[in-house]
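Undergrad: Right, I'll just put the structure down here and ask away after.
The values are calculated or read from the model by the stated rules, or taken from the named source; none is laboratory data. Because the structure is a prediction, the values reported are computed rather than measured. Heads up, the Cβs are rebuilt from the backbone with ideal geometry, glycines too, and the neighbour counts pull from every protein chain shown. Ligands, DNA and RNA are stripped out before the accessible areas are found, and what is left, the full protein with its side chains, is counted by its heavy atoms. Shrake-Rupley method; radii C 1.70, N 1.55, O 1.52, S 1.80 Å.
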Amino acid sequence: MEIRGNKIITEPLVNPEQTYADVNADVCKPLESFPTKKWWVCFLIASGSLLIGSALATDMFRRGLGVLGLNQPVGWGVFITNFVFWIGIGHAGTLISAILFLFRQKWRTAINRSAEAMTIFAVMTAGLFPVIHTGRPWYAFWLFPYPNQRELWVNFRSPLVWDVFAVSTYFTISLLFWYVGLVPDIASVRDRCKNQIRKFIYTVLSLGWRGEARHWNHYEMAYLLLAALSTPLVLSVHSIVSFDFAVSILPGWHTTIFPPYFVAGAIFSGFAMVVTLLVIAREVFNLKNYITLYHMENMNKIMLLTGMLVGYAYLMELFIAWYSGNPYERFIFANRVGGPFAWSYWIMMTCNVIVPQIFWVKKWRRSIPIMFVASLLINIGMWFERFTIIVTSLHRDFLPSSWDYYIPTRYDWGITLGSFGFFFTFFLIFCRILPTIAMFEVKAIMKFGKKEYGELGD
Amino acid sequence: MSKKSKQKATGLLAIFENPGDLVNAAKKISGRMAINKVEAYSPFPVHGLDHALGLKRSWIPWVTLVLGLAGWCLGFILQAWTSAVDWPLNVGGKPFVSWPAFIPVTFECMVLIGGIATTITLFAACSLPRFDKPVLDHSLTNDRFALFVDRTDVNFDEKRVEEVLKETHVSEIKNIL
């Protein structure tokens, strides 16, 4: 965007030479051709990682949680870190699809579909961890309040139960929102199908959508309502995840800054993941006309903002620990910055606070290699943020006699690798069978063919 | 379902290249000629079309409101009943109905039930899934826009309709039989 006199000149969101038919042709192309070699390589790596993770998890269930690096003071480790990390990744998708929709940010249309898919797969991945962390996943249904012969109910005052409701609601609503957004696009794919079996599958998935004006009328309203419901939902989910820590009385966890700090961190890490995925997807599937540098630049700006928000939270935590005068609180933060896990703290500080500062420079904000490396570093940094919060607060508790160091084992790392495999396997399959760009939304913001039409132009 | 609605709709299908032309044609057919049995098809929501066709604002928000509030109440009642009535359990000396602790789950129940209800209502309002209606033209979910004028409308006069349509920038008129 630049300002000349009193006129604001915006960059086009879609290459202005594209027609409506081009959108369908370009977006549906990966769905209608045999997967490329690049795709197969990615898919084999992802499903191989998933296989390693599943094998290790199976072995862990047989032997028990003793194979993990968990010990007496450190009862939460890599698995809970992964849970918070993956839930956080999901938040950018809902921010793009719901909050930017309510703010009428038209640039969201090119990226919302893949970001929402990312949300769904990330929440699925996250949901695995609390369940396998119990070591007895076959009792997972105990998390839900249901009438049972023991006549017991869950304790609704526990943040862990709030989490069950928050995460399962988040998954359900994200899935519905995503599917509602997909219906008109699946209908587009259906009408392009030549193969009868493909046509049948897409016909069923499209529910027989034909794009009638009366349907669009209801559709737009329902979409708006789902966006309005998702907006407070996404803020509530990570707030509730932070309550898992903040409601306890452990120094380092028991802080009121946690909910906004976690939400900002979630959006920060989520956008980093969207940038990582889209840099690859726009290259592999040739979508540069739709996911332009302008989109990437906007996401980098959000990363710059949220990166500074989490930076503020890090500093404020230190300040409040000192200002509170509480010796335990002061100790835990001094231990975080300079104790045995200082390496993890400084990885977090470097990746999350210093790295995003490069986005002040417009040239770097618009450079694909720079943003790709930065987004990977931010992902790493945000993983270590959760690791730092969880492990450093636990490993030196009130009794020095029980202090210990935490070393994750190959089971911890292998299952973590498996979670990445799980996520990417789903994402790669999604790219092959469903349109990765919300075609109807992109067409609605295109300027093509709307010259003489007052109401649509802007 | 009555016999009439099972019958296949027949009429004229005017296809346009451009959303603006569709709106102008809809205004003429639905407004000036007062034909009510008109349906427009477009690959994306075209603004101004609902006005041109005389469509009212969707009533779905009322369903969301009522069921969202119902979800809120149900969520709260579930927690209060299990904690205070079915098995009153003293947790940390808190009151049995310690309502501030119940707010997160109450809120999530509101969103969950409101959201599911909205989605179901959307598809019910559009009477989807429904597969017996034919796809009139494959380009209508791609790059073209169409107006369908039903032959059974009282004001339908094939020649008049065709004349009016030709005044607009119509690119093709199909006779659906």
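Undergrad: For a paramagnetic label modelled at 7 Å from the Cα of A:Arg432 toward its Cβ, which residues of the range A:176-207 fall within the zone defined by backbone nitrogen distances under 16 Å?
TA: Only A:198 pass the distance filter.
Undergrad: Shielding by partners for B:47-54, please: the mean number of other protein chain Cβ atoms within 10 Å of each residue's Cβ.
TA: Rounded to a whole number, the mean comes out at 3.
Undergrad: Over chain B, what is the relative contact order in whole percent, taking alpha-carbon pairs under 8 Å and six or more residues apart? If you can, show how the numbers build up before the last one.
TA: Working: 213 pairs, mean separation 88.1, N = 177.
Rounded, it is 50 percent for chain B.
Undergrad: I'd like the mean, over residues of B:122-132, of how many other protein chain beta carbons sit within 10 Å of each residue's own Cβ.
TA: 6
Undergrad: Heavy atoms only, 1.4 Å probe, whole protein assembly: order A:Ser49, B:Ser127 by accessible area, highest first.
TA: Details: A:Ser49 20, B:Ser127 65 Å².
Final ranking, largest accessible area leading: B:Ser127, A:Ser49.
Undergrad: Using the charge dipole of the protein assembly as shown (Lys, Arg: +1 at Cβ; Asp, Glu: -1 at Cβ; taken about the Cα centre), state which of A:Tyr170, A:Gln105, B:Thr82 has its Cα farthest towards the positive end.
TA: A:Gln105
Undergrad: How far, in degrees from 0 to 90, does helix A:78-94 lean away from the longest principal axis of the Cα atoms of chain A, to the nearest 10?
TA: 30
Undergrad: Also, I was wondering about something else. Can you compute the modelled spin-label distance between B:Ile173 and A:Glu151, with each label point 7 Å from Cα toward Cβ, in nm?
TA: The two pseudo-label positions are separated by 7.8 nm.
Undergrad: Taking H as built 1.01 Å from N, whose amide H comes closer than 5 Å to the amide H of A:Ile111, not counting residues under 5 places away?
TA: Excluding prolines and chain starts, which carry no amide H, there are no hits.
Undergrad: Roughly how many nanometres apart are two label points built 7 Å out from the Cα toward the Cβ at B:Val66 and B:Lys8?
TA: A separation of 3.8 nm, rounded to one decimal place.
Undergrad: Looking at the square roots a ≥ b ≥ c of the eigenvalues of the Cα gyration tensor of the range A:140-257, which shape do they give, rounded for a/c under 1.5, prolate if a/b is larger than b/c, or oblate?
TA: prolate
Undergrad: Rounded to whole Å and sorted largest first, what semi-axes of the equivalent ellipsoid does the C-alpha gyration tensor of the protein assembly as shown yield via the square root of 5 times each eigenvalue?
TA: 49, 29, 23
Undergrad: Can you pull out the buried accessible area for chains A and B, both sides counted, probe 1.4 Å, rounded to the nearest 100 Å²?
TA: The buried area between A and B, both sides summed, comes to about 5900 Å².
Undergrad: So which of A:Lys38/A:Lys194; B:Lys8/B:Lys166; A:Lys29/A:Lys288 end up more than 18 Å apart by C-alpha?
TA: Among A:Lys38/A:Lys194; B:Lys8/B:Lys166; A:Lys29/A:Lys288, the Cα-Cα distance tops 18 Å for A:Lys38/A:Lys194; B:Lys8/B:Lys166.
Undergrad: Which value, in debye to the nearest 20, describes the size of the charge dipole of the range A:95-245 about its Cα centre when Lys and Arg Cβ atoms bear +1, Asp and Glu Cβ atoms bear -1, and nothing else is charged?
TA: The dipole of the range A:95-245 has a size of about 560 debye.
Undergrad: Quick one: length gained pulling A:Val131 to A:Ile370 fully straight, 0.36 nm per residue minus the C-alpha distance? Intermediate results must be reported in sequence, preceding the final value.
TA: Working: separation 239, 0.36 × 239 = 86.04 nm, distance 3.71 nm.
Additional length available on full extension: 82.3 nm.
Undergrad: Let me ask something additional. State, to one decimal in nm, how far the label point of B:Trp99 lies from the label point of B:Glu163, with both points 7 Å from Cα in the Cβ direction.
TA: About 6.9 nm, to one decimal.
Undergrad: What residues have an amide H closer than 5 Å to that of B:Thr10, excluding those fewer than 5 places away on the same chain, when H is modeled at 1.01 Å from N in the peptide plane?
TA: B:Arg151, B:Thr152
Undergrad: Continuing with the same structure: Suppose only helical runs count, i.e. DSSP H with n ≥ 4. What mean residue ellipticity at 222 nm does that imply for chain A under -39500 (n - 2.57) per run, divided by all residues and rounded to the nearest 500 deg cm²/dmol?
TA: Numbers: 15 runs with 292 residues, N = 458.
Mean residue ellipticity at 222 nm (helix-derived): -22000 deg cm²/dmol.
Undergrad: Can you give the three extents of the C-alpha atoms in the range B:30-177 along their principal axes, from longest to shortest, in whole Å?
TA: Cα extents, longest axis first: 82, 28, 24 Å.
Undergrad: Over the range A:267-390, what is the relative contact order in whole percent, taking alpha-carbon pairs under 8 Å and six or more residues apart?
TA: RCO, the range A:267-390: 36 percent.
Undergrad: Taking the Cβ of B:Ser83 as the center, what net charge do the other residues with Cβ under 10 Å away carry, scoring Lys and Arg +1 and Asp and Glu -1?
TA: Result for the local shell: +1.
Undergrad: Quick one: helix A:213-246 against the long Cα principal axis of chain A, what's the angle to the nearest 10°, folded into 0 to 90?
TA: On a 0 to 90 degree scale, this one is about 10.
Undergrad: I'd like to know which of A:Val284, A:Ser269, A:Gly381 lies farthest towards the positive end of the charge dipole of chain A, counting +1 on Cβ of Lys and Arg and -1 on Cβ of Asp and Glu.
TA: Projecting each Cα onto the dipole axis, the largest value belongs to A:Val284.
Undergrad: Another one. If r is the Cβ-Cβ distance from A:Glu220 to A:Thr172 and R0 is 25 Å, what FRET efficiency results, to the nearest 0.05?
TA: Once the sixth-power term is evaluated, E becomes 0.70.
Undergrad: Over the range A:11-457, what is the relative contact order in whole percent, taking alpha-carbon pairs under 8 Å and six or more residues apart?
TA: About 33 percent, as a whole number.
Undergrad: Report, in debye and to the nearest 20, how large the dipole of chain A comes out about its Cα centre when Lys and Arg carry +1 and Asp and Glu carry -1 on their Cβ.
TA: In debye, rounded to 20, chain A gives about 920.
Undergrad: Working only with C-alpha atoms, what are the Rg and Dmax values of the range A:311-456, expressed in angstrom?
TA: Rg then Dmax for the range A:311-456, in Å: 22.7, 79.
Undergrad: Compute the angle between helix B:158-167 and the longest alpha-carbon principal axis of chain B, please, reported from 0 to 90 degrees and rounded to the nearest 10.
TA: 80
Undergrad: Which FRET efficiency value, to the nearest 0.05, do you get for B:His138 and A:Trp322 by plugging their Cβ-Cβ distance into 1/(1 + (r/R0)^6) with R0 = 51 Å?
TA: Step by step, r from the Cβ atoms, then E = 0.15.
Undergrad: With a probe of 1.4 Å, find how much accessible area chain A has per residue, and write the answer as a whole number in Å².
TA: Spelled out: the 1.4 Å probe surface of chain A, per residue, equals 42 Å².
Undergrad: Can you find, among A:Pro327, A:Asn71, A:Val204, the residue farthest towards the positive end of the dipole of chain A? Put +1 on the C-beta of Lys and Arg, -1 on that of Asp and Glu.
TA: Farthest towards the positive end: A:Val204.
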